[in-house]
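Data block below; observations after.
We did not get these values from a lab; they are worked out from the coordinates using the rules stated. Since we're looking at a predicted model, the values are computed, not measured. Glycine gets a Cβ as well: all are built from the backbone with ideal geometry, and neighbour counts include every protein chain shown.
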Amino acid sequence: RLIFKDDGPGMTEEVKAKLFQPFFTTKDPGEGTGLGLSVSHSIILEHNGTIEVESKLGIGTSFVIELPIASTSESETETPTVVPVTQSLNRKARILIVDDEPSVRAFIKTILTKNGHTAEGTGNPEEVLSILEQDAYDIIFLDVRMPGISGIELYDRIIQRQPTMKNKVIFVTGDTSSLDVKAYLANHNLLYITKPFDRKTLEDKVITLLSR
């Protein structure tokens, strides 16, 4: 068990409820990504642990982390679990992240690199075609809504120049309420994740694409 305490200003119940959500932050724009606690929460859960927070306004906040310790006898007698290759993420990919939000790029890159992938990002959709001419990528994460050119327009340009990238794109969108976007993604059988998304959702999409 690990306990971290501070004597800061504390937080409201509303903030506590959103604390582990990806991209949630109480800091001013540009001063925080809202990813630290979300990533920490995911890692702790993956190790069958728990993290709890207690906070009172004007008094401070404490985080309590509990992680299990496997006994020697358990580790010696336990039958190893056979995990399919596609689920174990044995195949490592080179991935390009195209999103104009730095926090989203950082979050995706953090998850991908922790899984052993090579990830690079750009916030400028206009430079993507030149990037693809210089380097080869196994997967592209492509934001639907970006300034200057939409992700869908950019996707069309990409596959015109490089048809082999047709099934190597995962769209990132907060715009699934748009009938046009829904129809396009469905008609082209394209993978996508919806903001806000968590670590497992992203990892599952990568597994799905790599197993195609």
Report task. Quickly rank 205-212, 47-54 as a protection proxy: mean count of other C-beta atoms within 10 Å, highest first. Result -> 205-212, 47-54
Query raised in the report: For the range 179-186, in order, what is each residue's ³J(HN,Hα) by Karplus, 6.51 cos²θ - 1.76 cosθ + 1.60 with θ = phi - 60°, in whole Hz (x at glycine and Pro)?
Result: 5, 5, 5, 4, 5, 5, 4, 5
Query - Theoretical gain in end-to-end length, Asp6 to Asp204 [0.36 nm per residue, Cα-Cα removed] - result: 67.7 nm
Query raised in the report: Extension gain Asn167-Glu66, at 0.36 nm per residue separation less the Cα-Cα distance, in nm?
Result: 32.2 nm
Query - Radius 12 Å from Cβ of Ile149, net charge of other residues (Lys, Arg +1; Asp, Glu -1) - result: -4
Query - Too-long pairs where the Cα-Cα distance tops 23 Å, listed order kept, from Lys92/Lys182; Lys114/Lys168; Lys56/Lys200; Lys18/Lys56; Lys92/Lys166 - result: Lys92/Lys182; Lys56/Lys200
Report task. Using only C-alpha positions, report the orientation-averaged shadow area of the convex hull of the range 85-210, nm², one decimal. Result -> 7.2 nm²
Query raised in the report: Label-point separation (nm) for Leu57 and Thr118, each offset 7 Å from Cα along Cα-to-Cβ?
Result: 5.1 nm
Query - For Gln162, net neighbour charge (Lys/Arg +1, Asp/Glu -1) across residues whose Cβ lies under 11 Å away - result: +3
Query - Amide H contacts of Gly121 (H built 1.01 Å from N, under 5 Å, at least 5 apart or other chain) - result: Ile97
